[in-house]
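First the structure, in the form of structure tokens, and then the observations on it.
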Amino acid sequence: MAEVRKILGHADVAASTVVTAYDVPASTEAIVSSIVFCNRGTAAVLCAMVITADYTGQPSDSYIYWDLAIPTDDTFVATIGITLSANDQIRVAGSSAAASSVSVNVFGVQIS
């Protein structure tokens, strides 16, 4: 099995819409080492992040962060060891129109 350290995914957060920051490819596993939320805007934003297993939707017990405050011109780094299987997703959302100024980047190891 090949292990590749890489940027696993990235996305701009959207207001009241869940977007996928990383989708594990078929026949692949991943170990997420860190997730970075960067607020490039002029207003604080509340963000949420959910891990979905094999496209199962967004069950309420799968949220990792809820109402995570990202201050103006600031960055939040989650150094976290999450293991994911094929077709699992990391999805993010914001609570206001200002959420579109928040970028999310996912870093780790992809195993295939």
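What follows draws every value from the coordinates through simple rules; no lab data is involved. For clarity, every value in this text was computed on a predicted model and none was experimentally measured. Every residue, glycine as well, gets a Cβ built from its backbone with ideal geometry; the counts of neighbours run over all protein chains shown.
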In whole Hz, what ³J(HN,Hα) sequence does the stretch 99-112 give by Karplus (6.51, -1.76, 1.60; θ = phi - 60°), x for Gly and Pro?
-> 4, 5, 8, 9, 9, 10, 10, 10, 10, x, 10, 9, 10, 9
Residue order, fewest to most surrounding Cβ atoms within 10 angstrom, among I7, I51, I35 | I7, I51, I35
Hey, got the Cα dimensions of the chain along the principal axes, in Å, largest first?
-> 44, 27, 17
So what J values fall out for the stretch 62-78 if you push phi through Karplus, 6.51 cos²θ - 1.76 cosθ + 1.60 with θ = phi - 60°, rounded to Hz, Gly and Pro as x?
-> 9, 6, 8, 10, 9, 6, 6, 7, 10, x, 4, 6, 9, 10, 10, 10, 9
Where nothing but the Cβ of Lys and Arg (+1) and of Asp and Glu (-1) is charged, how large is the charge dipole of the chain around its Cα centre, in debye to the nearest 20?
-> 200
Once amide H atoms are built 1.01 Å from N in the peptide plane, which residues 5 or more positions from G9, or in another chain, come under 5 Å H to H?
-> V106
